[in-house]
Amino acid sequence: MPTRDLILPPRLPRIDLSVVIPVFNEEALLHELHRRLKGALEPLDLRYEVILVNDGSHDGTPALLNALTAAEPAFRAIHFSRNFGHQAAVTAGLDHASGQAVLVMDADLQDPPELVAEMLALWREGWQVVYGVRRKRKESLLKRLAYWGFYRLLRTVTNVEIPLDAGDFALLDQRVVAALRALPERNRFVRGIRSWVGFRQTGLEYERDARYAGDVKYTLAKLVRLALDGLISFSYAPLRVAVYLGLIISVASFLIAVFFLFYKLVVGIDVAGWTSLLITVLFMGGIQLLTLGVIGEYISRIYDEVKQRPVYVVAELANFPSPAALAAHEVVT
Ligand code: UDP
Ligand code: MG
């Protein structure tokens, strides 16, 4: 009769820290990312995993990731079936992370991995979300201005306390990760839902470096989409603008009507009306299309939620313990 220990498969060690990194066409910097990560994580003396989410890259990234995961058992990869976007990639990483704490960072080394030691110290003090606050951005003036304006606008129109100048770079406690996973919404504005779930949160200021190599992967269209997602999923203000506009225009048109009626009855001259008529019609048409567009933005997002399509589709996993292995193994906690 074999002993129980002989029948049981070996135990899977508990993971202390998971690092989640979305990667899209980043062949130029994967080597440096690997080097910086090893340099930051090895001295910490904890069991870590690095989850690189390949968001449908079509350059040398998949091949480089295959080589990396073959050489490093602690580096895992999730390959998407196509490009689903940065927020979907972060979501996938969080869904697959098994660490007690999870660090989310960008691949381009704008978020310094060396900060993790300080973040972990805060986490050990009891902070369940430690998010990075960008002290200085090394980006173009226009982009800095747009970000500055957007975060302040978001803050004024939402009822959730979304911290200023904080992106997705953050260390999350596993309880926060579980809460994020449980949220069913498909429109995932991660920095928003991260604030929404609550828990003890604190910011850590850091200097945001310039991108290490390659071009930015967030196109203007993707950035605008992200900004709209943030505004629309966390605020009803755009809808209310229609109400206020309607009110203002109704009152104004009433006053104008009274004025012209008075003018016609007392002074008795007809006002030549072609230009004012045209301007009014065009103005009203513009406002109506605009408010319809705003309603459309909300409806398209409702439609996305109703369809219940998954946020991402995984083509392949590398270095993850298979579900069968996970079920058979006893995870040591
Ligand atoms: N990224 C992604 N999918 C995309 C676009 C970007 O996974 O469709 C990743 C990219 O590889 C990087 C991170 O998201 O790790 C941030 O992108 P980027 O640095 O281009 O944008 P930034 O936020 O610096 O403007
Ligand atoms: Mg970047």
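State the percentage of accessible surface on the range 151-228 attributable to carbon and sulfur atoms; use a 1.4 Å probe and exclude ligands, DNA and RNA.
55
Under the classification rounded if a/c is under 1.5, otherwise prolate if a/b is larger than b/c and oblate if not, where does the range 1-136 fall, given a ≥ b ≥ c as square roots of the Cα gyration tensor eigenvalues?
Working: a/c = 1.86, a/b = 1.22, b/c = 1.53.
Oblate, since a/c reaches 1.5 and b/c is not below a/b.
Is there a pair in K136/K222; K136/K217; K38/K143; K38/K217 whose C-alpha atoms are over 29 Å apart, and which pairs would that be?
From K136/K222; K136/K217; K38/K143; K38/K217, over 29 Å: K38/K143.
So which GluC sites (Glu not before Pro) in the range 160-249 are both in a DSSP loop and have at most 16 other Cβ atoms within 10 Å of their Cβ?
Values: sites: E161, E185, E205, E207; in loops: E161, E185.
Within the range 160-249, the qualifying GluC sites (Glu not before Pro) (loop, at most 16 other Cβ atoms within 10 Å) are E161, E185.
Counting only helical runs of four or more DSSP H residues, what would the 222 nm mean residue ellipticity of the chain come to if each run contributes -39,500 (n - 2.57) and the total is spread over all its residues?
Working: 12 runs with 161 residues, N = 333.
Per the formula, -15500 deg cm²/dmol.
In whole angstrom, how far apart do the alpha carbon centroids of the range 238-279 and the range 171-220 sit?
Cα centroid to Cα centroid, the span is 48 Å.
Divide the volume of the convex hull of the Cα atoms of the range 89-186 by its number of residues and quote the answer in cubic angstrom per residue. Mind showing how you got there, number by number?
Numbers: hull volume 12.9 nm³, N = 98.
Expressed per residue, the convex hull around the Cα atoms of the range 89-186 is 131 Å³.
Can you work out the FRET efficiency for the pair A121 and V241, with r the C-beta to C-beta distance and R0 = 51 Å, to the nearest 0.05? Let's see the in-between values first.
Working: r = 44 Å, r/R0 = 0.86.
Efficiency, from the Cβ-Cβ distance: 0.70.
List the GluC sites (Glu not before Pro) in the range 106-141 that DSSP assigns to loop (not H, G, I, E or B) and whose Cβ has at most 15 other Cβ atoms within 10 Å. Which are they?
Working: sites: E114, E118, E125, E139; in loops: E125, E139.
Qualifying residues, ordered by number: E125.
Compute the distance in nm between two label points, each set 7 Å from the Cα along the Cα-to-Cβ direction, one at K136 and one at H31.
Result for the modelled spin labels: 3.0 nm.
What does the extension gain come out to for I299 and L183, with contour length at 0.36 nm per residue minus their alpha carbon separation? Before the final figure, lay out the partial values.
Numbers: separation 116, 0.36 × 116 = 41.76 nm, distance 1.97 nm.
The span from I299 to L183 would gain 39.8 nm if fully extended.
Whenever you get a sec, line up I256, I78 from highest to lowest accessible area (probe 1.4 Å, protein heavy atoms). Provide the component values of the computation, followed by the final result.
Details: I256 85, I78 0 Å².
So the residues, ranked largest to smallest area, are I256, I78.
Quick check: pseudo-label points 7 Å beyond the Cα along Cα→Cβ at L46 and I248, how many nm apart are they?
5.1
Would you mind classifying the chain by shape? Square roots of the alpha carbon gyration tensor eigenvalues, ordered a ≥ b ≥ c; an a/c under 1.5 is rounded, otherwise it is prolate if a/b is larger than b/c and oblate if not.
Details: a/c = 2.66, a/b = 2.47, b/c = 1.08.
It is prolate, given that a/c is not under 1.5 and a/b is the larger ratio.
Suppose all protein chains stay in the model; what accessible area per residue would a 1.4 Å probe give for the range 172-327, in Å²? The partial results should precede the final answer.
Working: 10260 Å² over 156 residues.
Averaged over the residues of the range 172-327, the accessible area is 66 Å².
The values are calculated or read from the model by the stated rules, or taken from the named source; none is laboratory data. Computed from a predicted structure; not experimentally measured. We place every Cβ from the backbone using ideal geometry, glycine too, and count neighbours over all the protein chains shown. Ligands, DNA and RNA are stripped out before the accessible areas are found, and what is left, the full protein with its side chains, is counted by its heavy atoms. Shrake-Rupley method; radii C 1.70, N 1.55, O 1.52, S 1.80 Å.
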